[in-house]
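Here, each number is a calculation from the coordinates, and none is a lab measurement. Note that the structure is predicted; figures quoted are calculated from it, not measured. As a convention, Cβ positions derive from the backbone with ideal geometry for all residues, glycine included, and neighbour counts pool all protein chains shown.
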Amino acid sequence: AQSVTQLGSHVSVSEGALVLLRCNYSSSVPPYLFWYVQYPNQGLQLLLKYTSAATLVKGINGFEAEFKKSETSFHLTKPSAHMSDAAEYFCAVSEAGTYKYIFGTGTRLKVLA
Amino acid sequence: DTGVSQDPRHKITKRGQNVTFRCDPISEHNRLYWYRQTLGQGPEFLTYFQNEAQLEKSRLLSDRFSAERPKGSFSTLEIQRTEQGDSAMYLCASSPAFSYNEQFFGPGTRLTVL
């Protein structure tokens, strides 16, 4: 069965510092992978997606993620954190041929001034 | 394209009452999904439709839950005899037919069962 692990339920970074949010997945076949962001009392907004094309994926708001099959990882990074990046981030996996997402438990990002 | 909409945004009900939520997907999307999100957790899949056909249901979807998409457009999720454990955010998402399954989420309906 597919699963997604997000290490660190809370991450704090200083404004301007590197953001690194970790995601590991388990899947028996090459999956589709997604990162979503959720602001308080709102739905989820897609940041970026991996669909078996380029392994380095660029998304919105300066975020990017790298698919590493050997490590079964899809970590999210941003070179310089902004106060507006404070939110909860979810990694999700979907196997080709299925349509449901399996989400991780989320990482709440706090950006310190 | 106004995005996925959900109604109501908030619902407070007493234990034992029935509630119904509505989701309007993006108009050209033929797939529609329901998820449930509890505090501090990621969304959990409940069910999904392709057009009007309900193709998959999670075991989380007990007999008290029923979802419909009668004309392949909007969908409703009904919970009968609500329990306090049903308190959660209910999220709806939609996706187009020929995509990498990128799902677009609505703002959610927050249910509180007293």
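Odds and ends about this structure:
- Per-residue average of Cβ from other chains inside 10 Å of B:36-43: 5
- When each of B:ILE26, A:ILE60 is scored by the number of other beta-carbon atoms lying within 10 Å, the sequence from fewest to most is A:ILE60, B:ILE26.
- Eligible lysines near A:LYS49 by straight Cα distance, threshold 16 Å, same-chain separation 8 or greater: A:LYS58, A:LYS68, A:LYS69, A:LYS78, A:LYS100
- Each principal axis of the Cα cloud of chain B was taken in turn, and the coordinate range along them, longest first, works out to 41, 24, 23 Å.
- Gyration tensor analysis over the Cα atoms of the protein assembly as shown returns equivalent ellipsoid semi-axes of 30, 21, 16 Å (largest first, whole Å).
- Of B:LYS11, B:LYS71, the sequence from fewest to most neighbouring Cβ atoms within 10 angstrom is B:LYS71, B:LYS11.
- Computed E for B:GLN50/A:GLU15 - FRET, C-beta separation, R0 30 angstrom, nearest 0.05: 0.10
- Cβ-placed point charges (K, R +1; D, E -1), dipole of region B:36-110 about Cα centre in debye, nearest 20: 80
- In this label model, B:GLU102 and A:THR55 are separated by 2.3 nm, measuring between points 7 Å along each Cα→Cβ vector.
- For the protein assembly as shown, a simple Cβ point-charge model (Lys and Arg +1, Asp and Glu -1, everything else neutral) yields a dipole of about 440 debye relative to the Cα centre.
- The alpha-carbon atoms of region B:59-114, seen along their principal axes, cover 41, 22, 20 angstrom, with the largest extent given first.
- Scaled radius of gyration (Cα, divided by 2.2 N^0.38 Å) that region B:1-61 gives: 1.26
- Sorted by Cβ density within 10 Å, fewest first, the residues B:ASP24, B:ASP7, B:ASP63: B:ASP63, B:ASP7, B:ASP24
- More than 13 angstrom apart: percent of Cα pairs within region B:33-81: 57
- Cα-derived Rg to Rh of chain A, Kirkwood definition: 0.95
- For region A:32-40, putting each phi into the Karplus relation 6.51 cos²θ - 1.76 cosθ + 1.60 with θ = phi - 60° gives couplings of 9, 10, 9, 10, 10, 10, 10, 8, x Hz, in residue order, rounded to whole numbers and with x for Gly and Pro.
- Whole-Hz couplings from phi, Karplus 6.51/-1.76/1.60, listed for region A:58-65; x for Gly and Pro: 9, x, 7, 6, x, 7, 8, 8
- The 3J(HN,Hα) values that the Karplus relation (6.51, -1.76, 1.60; θ = phi - 60°) gives for region B:7-12 are, in residue order, 9, x, 7, 9, 9, 10 Hz. Gly and Pro appear as x.
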